[in-house]
Every structure is written in C-alpha cells, then in structure tokens.
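The values are calculated or read from the model by the stated rules, or taken from the named source; none is laboratory data. As the structure is a prediction and not an experimental result, all values here were calculated from the model. Cβ placement follows ideal geometry from the backbone for every residue including glycine, while neighbour counts extend to all protein chains displayed. SASA here: full protein model, heavy atoms, side chains in, ligands and nucleic acids out. Shrake-Rupley method; radii C 1.70, N 1.55, O 1.52, S 1.80 Å.
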Amino acid sequence: QVQLVESGGGLVQAGGSLTLSCAASRSIFSINAMGWYRQAPGKQREWVAYITSGGSTNYADSAKGRFTISRDNAKNTVFLQMNSLKPEDTAVYFCSADVRGLRNWGEGTQVTVSS
C-alpha cells in the first residue's frame, strides 16, 4: 500500500487559484489510478478528478474547465491545479491511490473559498 500526504490548501477569495499536492510514500510509477475527492460539511465525499499512469485524465462536471490534475512520477506527487474557485468548492480535499484493489487515502487538506 501507500501513504499519502496532501498539502496546499488554504483560504482564497472567489475567482482565485490554489494548487494542491499529494506526496506518496513510495514510487507511484506503477499506481494506475490516482485521484482527488472532496467532502464539504454535511455532504458525502465526492469524486473530483483522476489520472492514470499513462496520463489519461477525467473530471467531474463541477471541475471541468477549471481544475487540472497532473502527476510527477519522479517526485511521487500528484497535483490538482484549481482555478476560478467558487464558494461551493469549499471542502476538505483528499488524495487517493488504488493499489492492488484497495483505495488508499490521505488525511485531506482544507480548501475554503470566500465570496
């Protein structure tokens, strides 16, 4: 399995940008699916984006056109660039990695978007 540590969250005004990072405890070269999820207060965790080992990406409708997921296998890190942030993007953002059929999670990083 793998340990994941998210960073880069914070407080930003609506329309601003943030880049989240997810550092893995070991090489992610062989990890096919890595993704980002978020959970707002009182709501269920929802999927935001994922990236495969080959670089293919997919996004939730709420993220399309505003968020970009990328991975740097040399640094064992996955990123989520978030632009044009909205108050409804406020949530704890979690990184995930699917290893041998199990989904590994980080502790999350808080993103707060003020109006």
- Item | Residue selected from the stretch 39-52 under the condition open to solvent by 30 Å² or more (accessible area, probe 1.4 Å) and assigned to a strand (DSSP E or B), by the criterion nearest to Ala74 (Cα to Cα) | Tyr50
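Against the condition within 15 Å of Cys95 (Cβ to Cβ) and at pLDDT 95 or above, how does Ser70 come out, does it pass? It would help to see each step written out before you state the result.
Numbers: within 15 Å of Cys95 (Cβ to Cβ): yes; at pLDDT 95 or above: yes.
Yes.
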- Query: Of all residues in the stretch 81-115, which are open to solvent by less than 20 Å² (accessible area, probe 1.4 Å), in a strand (DSSP E or B) and either in contact with a Cys (Cβ under 8 Å, 6 or more places away or on another chain) or small (Gly, Ala, Ser) (or both)?
  - Reply: Ala91, Cys95, Ser96, Ala97
- Restricting the first residue to the stretch 89-112 and requiring it to be more than 22 Å from Lys64 (Cα to Cα), which pairs with a second residue that is of a type in the set (D, E, K, R) and assigned to a strand (DSSP E or B) meet a Cβ separation below 8 Å and a spacing of at least six or different chains? Asn104/Asp98; Gly106/Glu6; Glu107/Glu6
- Which one is modelled with the lowest pLDDT among residues in the stretch 4-32 that are among the aliphatic types (A, V, I, L, M), touching a strand residue (DSSP E or B) at 6+ places or on another chain (Cβ under 6 Å) and more than 13 Å from Trp105 (Cβ to Cβ)? Ile31
- Leading residue by the ranking (surrounded by the fewest Cβ atoms within 10 Å (Cβ to Cβ)) among those in the stretch 1-38 that are out of contact with any Gly (no Cβ under 8 Å at 6 or more places or on another chain) and hydroxyl-bearing (Ser, Thr, Tyr): Ser30
- Unmet requirement for Asp72, which otherwise passes all of (1) of a type in the set (Asp, Glu); (2) open to solvent by less than 50 Å² (accessible area, probe 1.4 Å); (3) farther than 19 Å from Val2 by Cα: (3)
